[in-house]
Amino acid sequence: MALDENTVLEIGRHYRFQWEPAQQAHVLLYPEGMVKLPGSAGEIMKRVNGAATVADIVADLEHAFPGADLKGDVIEFLEHAHGKGWIRAKQG
Amino acid sequence: MEKAGFVQNRANPPLWLLAELTYKCPLHCVFCYNPVDYATYGAELSTGDWLRVLRQGRELGATQLGFSGGEPLMRDDLETLVCEARRLGYYSNLITSGVGLNEQRIAAFKEGGLDHIQVSFQDSTREMNDFLSSTRTFELKRKVAKLVKKYDYPMVLNVVLHRLNIDHVQQILEMAEQLEAEYVELANTQYYGWAYVNRDQLLPSREQLQRAEEITNRFRERVGNRMKIYFVVPDYYENRPKACMNGWGAVFLTVTADGLALPCHEARMLPGLTFPNVREHELGWIWNDSPGFNAYRGDAWMKEPCRSCPEKEKDYGGCRCQAYMLTGEAANADPVCDKSPYHKLVTDAVERAQSPRPHAEAKPVILFRDDKNSRSLAGREKTPVA
């Protein structure tokens, strides 16, 4: 599903996103399971905070990693994450 | 910590810490996987012991924490442990029958940061009858289901299937639907602990299994995405073994009520291995260095047919405890595998299950999991019975 640029995103219900020192990576935890989100996936997910819109996340990443054209990849990942239920449009 | 340029030859960190907080349980399920001699074990760990275990497990890298038992609600310090689990960054799962869950407790769990609750439908025949006549058990489950939903947990219902209840799978699924379960696990009994003692009474026939699967599939089509249903067949009906625990000492660490650290719930039955107690050792040493946790890591311990088997990295030779229970030797291939020279032990049990009643030689009395039976089974000589 295509995500509107003005949609505010938050982490999905029953998921928890955190940094794991033992894995040296960000992970997403859910009932009886874990997804490892190394590198750019973690960088994108850590900006999903219930306040930033899709456009904010892209802008912040482009600021943090200047010179790269990230927009297409970021939106593709966010749509993938949204499809999986890892993130959702902020509720109420 | 690892230093740059120095590769430590160590196991991967455990991902799962299962805290079997107590063997106390208000129920007496005939399929319980708990050790049959639990009533003879020593004192339960204290709150302080558990807090230390949680901290050490987290330092090792465990992310998933299961509170189990017995019935974990029998521990009145569960609220304390839940809070500490959240503070440490675990994703915590409560595995419960729901007996003993009330609003005050679930509110404290939510507040403390418990992430997930799995409610089992603990059918013993008496409770099944209870349910079929819509009496007490169902009322209890309805109360628990309401609380679970009210506190915004997903409603996950686990039902253990066996010969005596599998023909009721339609009613069980309808019950799950009435409880508005979002996930239903129809898990056939695995034959360990009490279930192994009662195996001939519990193993369903092939026909029963097929019928139950058909009913489940039809139900799935009707409810669609509203309810996700998993159906797990008993491994006795497979011809390749399960990848037990994803490999010995690979991801899973159990700590028992009396403090023993084990690579799986059943491992304390294995002869010749001593498992460390968390009262005496740090989890780091236990996981990385203790002989018990290294006994069946990797594949150096394997014998034929596993050693040269192309599938050994897929199933790790199956379950060491099942190999021991059935063949008397834990390093043998799990006899569920049709490459095992002992596979006939499994097919014989399956064959016996095809007769309309439990086999004539089967023990006529089913053993309920209670303290009295546990003490009497503990006195029995510990030889494997095939």
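Does A:L28 qualify as being more than 30 Å from B:E185 (Cβ to Cβ) and either within 14 Å of chain B (Cβ to nearest Cβ) or not in a strand (DSSP E or B) (or both)? Here the answer is no, as A:L28 does not meet what is asked. Screening B:A261, B:A257 for residues that are of a type in the set (A, V, I, L, M), outside any loop (DSSP other than H, G, I, E, B) and modelled with pLDDT of 95 or more leaves exactly one candidate, B:A261. Just one of the listed residues (B:E185, B:E214) is within 14 Å of chain A (Cβ to nearest Cβ) and closer than 30 Å to B:T347 by Cα, namely B:E185.
B:D115 satisfies every condition listed in (1) free of Cβ contacts under 8 Å to residues at least 40 places away in the same chain; (2) away from chain A (no Cβ under 14 Å) except (2). Helices (runs of 4 or more DSSP H) fully within region B:165-242 that include at least 2 residues being charged (D, E, K, R) and surrounded by fewer than 20 Cβ atoms within 10 Å (Cβ to Cβ): B:169-178, B:206-223.
Among all positions in region B:139-157, there is at least one residue which is modelled with pLDDT under 90, within 14 Å of another protein chain (Cβ to nearest Cβ) and in a loop (DSSP other than H, G, I, E, B).
Give the residue, chosen from A:E20, A:E43, A:E5, A:E10, that is out of contact with any Cys (no Cβ under 6 Å at 6 or more places or on another chain), farther than 26 Å from B:N225 by Cβ and at pLDDT 95 or above. Write out each step before concluding.
Numbers: A:E20 fails: at pLDDT 95 or above; A:E5 fails: at pLDDT 95 or above; A:E10 fails: farther than 26 Å from B:N225 by Cβ.
Criteria check complete, one pass: A:E43.
For every residue, the table says whether it meets (1) at positive phi; (2) under 21 Å from the mean Cα position of the chain (by Cα); (3) assigned to a loop (DSSP other than H, G, I, E, B).
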{"site": "B:G298", "(1), (2), (3)": "yes, no, yes"}
{"site": "B:E304", "(1), (2), (3)": "no, no, yes"}
{"site": "B:R307", "(1), (2), (3)": "no, no, yes"}
{"site": "B:Y324", "(1), (2), (3)": "no, yes, no"}
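Can you pull out every residue in region A:42-64 that is in contact with a helix residue (DSSP H, G or I) (Cβ under 8 Å, 6 or more places away or on another chain) and among the small types (G, A, S)?
Pass one, region A:42-64, residues in contact with a helix residue (DSSP H, G or I) (Cβ under 8 Å, 6 or more places away or on another chain): A:43-45, A:47-48, A:52, A:54, A:57-58, A:61-62, A:64.
Scanning region A:42-64 gives A:A52, A:A64.
Taking B:D299 as the residue in question, decide whether it is charged (D, E, K, R), out of contact with any His (no Cβ under 8 Å at 6 or more places or on another chain), modelled with pLDDT of 95 or more and surrounded by 14 or more Cβ atoms within 10 Å (Cβ to Cβ). Criteria not met by B:D299. Residues that are over 21 Å from A:P21 (Cβ atoms), among the acidic types (D, E) and out of contact with any Leu (no Cβ under 6 Å at 6 or more places or on another chain) are absent from region B:51-64.
Within region B:134-182, can you find the residues that are of a type in the set (F, W, Y) and under 28 Å from B:L367 (Cβ atoms)? Before the answer, list the steps.
Step one: of region B:134-182, the residues of a type in the set (F, W, Y) are B:138, B:151, B:153.
Once the filter is applied, which keeps residues that are of a type in the set (F, W, Y) and under 28 Å from B:L367 (Cβ atoms), region B:134-182 yields only B:F138.
In region B:23-63, the qualifying residues are those that are part of a loop (DSSP other than H, G, I, E, B) and under 30 Å from A:Q24 (Cα atoms), and the one that is nearest to the other protein chains (Cβ to nearest Cβ) is B:G61.
If I filter region A:8-25 down to residues being crowded, with 17+ Cβ neighbours inside 10 Å, facing another protein chain (nearest Cβ under 10 Å) and not basic (K, R), which single residue comes out as nearest to A:K71 (Cα to Cα)? Taking the candidates together, the pick is A:Y15.
The values are calculated or read from the model by the stated rules, or taken from the named source; none is laboratory data. These figures come from a predicted structure and were not determined experimentally. Using ideal geometry, Cβ is built from the backbone for each residue, glycine included, and neighbour counts are taken over all protein chains shown.
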